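What follows is one structure encoded as C-alpha cells, with my remarks underneath.
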Amino acid sequence: MEVNTTALHGVLVFYPSPHRDERGLFTRTFDTAIAAEHGIDMGRLAQDSQSRSAAGVLRGLHGRGGRGEAKLVRCARGAVHDVVVDARPGSPSFGEHISLLLDDESFAHLYIPAGMLHGFQALRESDVCYRIDRPHEPGEDIAVRYDDPDLGIRWPLGDPILSARDAAAGTFAQLAG
C-alpha cells in the first residue's frame, strides 16, 4: 500500500495494491499497521457509514465542532470529486483546500484529521464509505457553502444537487469568525 502526503498537514491518501487475475481482484482496503507507521491510530474507530449519491449530487462542506472528527473516506462504487478544507485555527494551511478523485478503480482512501471540512460531488452514481473515530453528534454538525468565493473551490459539474441544509449553509468567514 502506497501512502502519499498532501498540501494539507495530516491529510493522507492511501493507495491499496489490488491483486488481479482472471476472476477479478482482491485488495486490502485498510491496514492498521500501515496507518500507525504514519501516526494514525484508527483502532479507535467508532462508526462506519455509507452514502449513495446520484450523479451531480454535492455533499458538503461538512465538519464537526467540539473535538471534531477524524475519518477515513473511500469511494466503493463510482467516482467522486473529493474536497478537504483545512478549518483548524492556527494551522499553516488554514483556509486552504485540496481536491482529488476517489473512485472504484484506484481504491484510494483519504485520511482526514479532526478540524477539517469535507465534501464531494458524485461524477456518476457513487457509494462513499466513511470510517469515523467517534459517534455522530448532530448538535456538533458544521456546514459551509460549497461555492463560498473565499474558498475558490472548483467543482467539476455545474448545477449541483444539494440538500436543503447544504443550500442554506453559511460561509467559511462566518465559521472562522
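Just so you know, all these numbers are worked out from the coordinates, no wet-lab data involved. The structure presented is a predicted model; accordingly, all values stated were derived computationally and were not measured. Using ideal geometry, Cβ is built from the backbone for each residue, glycine included, and neighbour counts are taken over all protein chains shown.
Listed values, structure above:
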| quantity | calculated |
| --- | --- |
| Evaluation of S91 against (1) of a type in the set (S, T, N, Q); (2) part of a strand (DSSP E or B); (3) within 16 Å of G10 (Cα to Cα) (one fails), failing number | (2) |
| Selection from segment 153-175 of residues that are part of a loop (DSSP other than H, G, I, E, B) and either without any contact (Cβ under 8 Å) to a residue 60 or more places away in the chain or touching an Asp or Glu at 6+ places or on another chain (Cβ under 6 Å) (or both) | R154, G158, A168, T171 |
| Segment 61-75 residues that are within 12 Å of L45 (Cβ to Cβ), paired with ones that are among the aliphatic types (A, V, I, L, M) (beta carbon under 7 Å, 6 or more apart) | E69/A114; E69/I132; A70/I112; A70/A114; K71/I112; K71/I132; L72/M42 |
| Flag if I142 is farther than 26 Å from A35 by Cα and either outside any strand (DSSP E or B) or acidic (D, E) (or both) | no |
| Residue match in segment 62-85 (condition: acidic (D, E), assigned to a strand (DSSP E or B) and closer than 25 Å to P149 by Cα) | yes |
| Filter result for the condition that a residue is in contact (Cβ under 8 Å) with a residue 40 or more places away in the chain, more than 25 Å from D148 (Cα to Cα) and of a type in the set (A, V, I, L, M), over A7, A35, A54 | A35 |
| Selection count where residues are among the hydrophobic types (A, V, I, L, M, F, W, C), over 16 Å from the mean Cα position of the chain (by Cα) and either surrounded by fewer than 18 Cβ atoms within 10 Å (Cβ to Cβ) or closer than 17 Å to A70 by Cα (or both), scope segment 121-167 | 4 |
| Yes/no for L25 being among the hydrophobic types (A, V, I, L, M, F, W, C), outside any loop (DSSP other than H, G, I, E, B) and out of contact with any His (no Cβ under 6 Å at 6 or more places or on another chain) | yes |
